[in-house]
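The next block holds one structure in the form of structure tokens; read it before the comments.
The values are calculated or read from the model by the stated rules, or taken from the named source; none is laboratory data. What you see is a predicted model, and the numbers here were worked out from it, not measured in a lab. Here the Cβ is made from the backbone with ideal geometry for all residues, glycine too, and neighbour counts use every protein chain on show.
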Amino acid sequence: MNNSVSNTARLIGAGLRALLVLTVVCGVLYPLAVTGIAQALFNDEANGSEIKDKSGRVVGSSLIGQTYNLPKQNPDDPEEAAKPDLKWFQPRPSNGLGSNSINTQYSLVLSGATNKAGDNPDLVKTVEDAKAAVVADNTTASYTVKPQDVPADAVTSSGSGLDPHISPEYARIQVHRVAERNHLDVGQVDRLVAGHTSGRTLGFMGEPRVNVLELNTALEALTKS
């Protein structure tokens, strides 16, 4: 009986010591080491790849796309379609899973693709309507957008629906409209796009791209300078 109690006590003691050691190592030392290394070597990425405006205020992450829409006339009407604020560069369409409709107490960003086939009638109509809107929105008194010049990313969403980038071609289509709406010279806005165009990763991976949030943050700084 005494041996049994002694063995049990010894096992419990060993278990508690192991719990204490593992808690300190895995719950304290390891997280501190990983956090320290991340902050020292990858500070920007570890903090969410934040983008700040001219005043130092965080306006978003370079990894997540944002919309630039006008305020709704009736915020309580879920059926009211959002209208783009045309003084800003517009991102790719976001036609993923849509907004949270399960618990409307919270406003969630949901990620996902449409999962519609290329010949799906609804998708075809969505793309055609989007192309017509791009042509209409970006045609100005001195610049005409041709339907054949509208790139694919202007009318289709990404697989995640949260792509923060657009193609340089789509950005350039928007230059005249943005310049006109913000009372800027077209050359100024064109240089802004060129300065925020990133090339292929390592020179051969991916495609040239423009981060819309970074571009619009620079545009805001330019309009207030």
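Screening the candidates H176, H183 for the property of being farther than 20 Å from I51 by Cβ, of a type outside the set (K, R) and crowded, with 16+ Cβ neighbours inside 10 Å yields one hit, H176. A single entry from R209, R200 fulfils the requirement of being more than 24 Å from T140 (Cβ to Cβ), touching a His at 6+ places or on another chain (Cβ under 7 Å) and in the same structural domain as V127 (by TED's automatic domain parsing): R209.
Within region 157-164, at least one residue is in contact with a helix residue (DSSP H, G or I) (Cβ under 7 Å, 6 or more places away or on another chain), in contact (Cβ under 8 Å) with a residue 40 or more places away in the chain and surrounded by 14 or more Cβ atoms within 10 Å (Cβ to Cβ).
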